[in-house]
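Here is the structure we will look at, set down as structure tokens.
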Amino acid sequence: MGELPVIAKTYDLLKYLIPQLAKYPKDQRYLLGQRLEDQALNLLEDFIEAQYAREKSEILKRANLRLVKVRYLLRLSKDMNFLPVNRYEHVCKMVEEIGAMTGGWLKQKQQGQT
């Protein structure tokens, strides 16, 4: 079984995001930055788990909820000036693409297709 595109996109998100989080102010790097990193890493793990699970819908719903959390944490990072607007816009495009892929996968599973 090859790597799913949503897994590759989430991996790319992490490759972009982790160095950005290292630039957060020290007091926020271990609070907001760590939370954001944890949610994004858990998202990757959810997609890997869903790829191999028989029942994917609940895992995908959990992943979708994590995406919402990531969006809010990114927005807070931007509003607190920890993440420059241009980088925020770039990472949001990545997150939106992952969200669209997740929604499509979830819809497919809920319609009973394989």
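The values are calculated or read from the model by the stated rules, or taken from the named source; none is laboratory data. What you see is a predicted model, and the numbers here were worked out from it, not measured in a lab. Backbone-built Cβ (ideal geometry, glycine too); neighbour counts: all protein chains shown. Accessible surface areas use protein heavy atoms only, side chains included; no ligands, DNA or RNA. Shrake-Rupley method; radii C 1.70, N 1.55, O 1.52, S 1.80 Å.
Couple of notes before you dig in:
- Surface share of carbon and sulfur [accessible, 1.4 angstrom probe, percent] for the range 31-78: 50 percent
- Extension gain for K23-E58 works out to 9.2 nm (0.36 nm per residue, less the C-alpha to C-alpha distance).
- The label point for Q51 and the one for K69, both projected 7 Å from the Cα toward the Cβ, are 2.2 nm apart.
- Estimated FRET transfer efficiency when R0 is 35 angstrom, pair L4-E89 (beta carbons, to 0.05): 0.85
- The convex hull drawn around the Cα atoms of the chain, when projected onto a plane and averaged over every direction, covers 6.7 nm².
- Summarised in one figure, the compactness ratio Rg/Rh of the range 52-101, Cα atoms and Kirkwood Rh, is 1.11.
- Applying the Karplus relation 6.51 cos²θ - 1.76 cosθ + 1.60 with θ = phi - 60° to the range 42-47 yields 3J(HN,Hα) values of 5, 4, 4, 4, 4, 5 Hz, where x marks Gly and Pro.
- Relative contact order (%) - the chain, alpha-carbon pairs under 8 angstrom, separation at least six: 31 percent
- Projected label distance in nm at E96 and D38, using a 7 Å step from Cα toward the beta-carbon: 2.9 nm
- Considering only V85, Q51, A63, the residue lying farthest towards the positive end of the dipole of the range 41-97 is V85, judged by Cα position with unit charges set on Cβ.
- Solvent-accessible area per residue for the range 24-114 (1.4 angstrom probe, square angstrom): 62 Å²
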